[in-house]
Amino acid sequence: MVLGAHGLLGTEVRKQFEACGFGVEAPDKREVDVTNDLDLHPYFLHTQASIVVNCAAYTKVDAAETERDAAFALNAGAAFNIARYCTWRGMKLIHLSTDFVFDGETDQPYRENDPTHPISVYGESKLHGETLVMDKFPKAIIVRTSWLFGTSGNCFPKTVMRAAKQGKPLHVVNDQIGSPTYAKDLAAAIVSLASASVEGGMYHVANAGRASWHDLAVECLNQAGIRAEVVPIATHEWPAAARRPRFSVLDCSKYASLGLKPMPDWRDAVARFVNEEADL
C-alpha cells in the first residue's frame with residue numbers, strides 16, 4: 001500500500017514496487033482521506049497489503065505557517081492513525097520524514113540520533129508525526145530525506161529551468177546547504193528497505209554530496225544546456241514566511257551500513273533527472 005501514491009515521491013515508489021513485481025494498492029484522496037479515520041478504518045480492515053509506505057504529507061512549507069491545523073492533521077494525526085492500523089494488522093510500515101526537523105545550526109551532517117529542533121511549523125508537524133509513529137509502532141521504519149526533486153510533480157529544478165527558458169532573472173539562495181535527492185533514487189531505496197530484513201527505527205536517506213540551492217540551480221541548467229545567469233543571494237534577500245535550516249546535510253552512513261545499493265551523488269541524479277524530464 002502506497003499512501004500519497006500520486007505525489008512527487010509516491011508516484012515513483014508505486015512504479016518501483018510494480019517494476020519489482022509487487023502488487024500495489026495506491027488509493028488517491030477520493031478513495032481514502034488519510035486524515036479521516038472513517039476512511040482509514042474500513043480501508044485497513046479490508047486491505048490485502050502487508051507493507052505500507054506513507055508518502056502522504058502536507059509539504060507547503062510557507063503556507064504551513066498560517067495553516068498549522070492542516071499541516072498537523074496530515075503530518076502528525078494521519079501518521080499516528082496509519083501507524084495504529086499497521087500495528088493492528090501486523091504490517092510493515094515505512095514513514096517519510098524530513099531534514100526540516102533540524103534547525104541547521106551546525107556544520108556537520110546530521111545523524112539519526114542528533115537533537116531535533118524544528119524552526120518552522122512544517123518541521124514541527126513532521127517531528128510530531130515521527131514521535132507519534134515511533135510511540136505507537138516502534139518497529140516502523142522512518143526515512144528522513146531532503147530537498148526532493150523529480151519528474152512526477154512540482155520541484156525546484158523544474159521551476160528554475162522553466163524560468164530560465166522564459167528569460168526571467170534568476171536570483172537563488174546560496175547560503176543554505178543540503179542534500180538534493182532524486183525521487184527515483186529515494187524510491188529505489190524505499191523498495192530495498194521494504195524488501196530487506198531491516199530493524200525498525202530512523203534512517204537518513206539522501207543522494208550523496210552537498211549543495212546550496214544556487215549550486216543545484218546551476219547544475220540543472222548546465223545539464224540541460226540552458227544558458228542563463230544565476231545570481232547568488234543570501235537568505236535574507238529572499239524573504240519567506242517559514243525559516244529554513246541553514247545547513248541540513250544528512251549523514252546516511254546508517255543506511256549505507258545495511259549493505260543495500262548506495263545512493264548516487266546528487267550531480268549524477270540531476271543529470272538523469274534532466275534527461276528524463278526532456279523525454280516527457
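The values are calculated or read from the model by the stated rules, or taken from the named source; none is laboratory data. The structure displayed is predicted, hence computed values, not measured ones. Quick reminder, even Gly has a Cβ in these numbers, built from the backbone with ideal geometry, and neighbours come from all protein chains shown.
Side notes on the structure shown:
- Candidate set: the range 45-89, residues that are farther than 23 Å from ALA240 by Cα and β-branched (Val, Ile, Thr); chosen: the one nearest to the chain's Cα centre (by Cα): VAL53
- Matching residues in the range 100-116 - criterion: being without any contact (Cβ under 8 Å) to a residue 40 or more places away in the chain and under 18 Å from the mean Cα position of the chain (by Cα): THR116
- In the range 225-252, residue surrounded by the most Cβ atoms within 10 Å (Cβ to Cβ) [restricted to those that are in contact (Cβ under 8 Å) with a residue 12 or more places away in the chain and part of a helix (DSSP H, G or I)]: THR235
- Residue check for ALA217: under 28 Å from PRO118 (Cβ atoms) and over 23 Å from the mean Cα position of the chain (by Cα): no
- Selected residue [modelled with pLDDT of 95 or more and at positive phi] from GLY129, GLY104, GLY123: GLY104
- Any hit, the range 121-143, residues being more than 25 Å from VAL32 (Cα to Cα), crowded, with 21+ Cβ neighbours inside 10 Å and either within 15 Å of the chain's Cα centre (by Cα) or among the small types (Gly, Ala, Ser) (or both): no
- The sole residue among SER197, SER212 that is of a type in the set (Ser, Thr, Tyr), without any contact (Cβ under 8 Å) to a residue 60 or more places away in the chain and under 26 Å from THR116 (Cα atoms) is SER212.
- For the range 1-50, the candidate set comprises residues that are among the basic types (Lys, Arg) and surrounded by fewer than 17 Cβ atoms within 10 Å (Cβ to Cβ); within that set, the residue that is nearest to ILE190 (Cα to Cα) is LYS29.
- If you filter the range 200-209 down to residues that are farther than 16 Å from LYS92 by Cβ and touching a residue at least 60 places away in the same chain (Cβ under 8 Å), you find that the one that is surrounded by the most Cβ atoms within 10 Å (Cβ to Cβ) is ALA206.
- Here the range 1-14 is the region considered, the condition is being under 18 Å from LEU93 (Cα atoms) and outside any loop (DSSP other than H, G, I, E, B), and the residue that is nearest to the chain's Cα centre (by Cα) is LEU9.
- Scope the range 149-174; condition within 13 Å of the chain's Cα centre (by Cα) and surrounded by 22 or more Cβ atoms within 10 Å (Cβ to Cβ); matching residues: PHE149, GLY150
- LYS184, sole failed condition from (1) in contact with a strand residue (DSSP E or B) (Cβ under 9 Å, 6 or more places away or on another chain); (2) buried (at least 16 other Cβ atoms within 10 Å of the Cβ); (3) under 23 Å from VAL61 (Cα atoms): (1)
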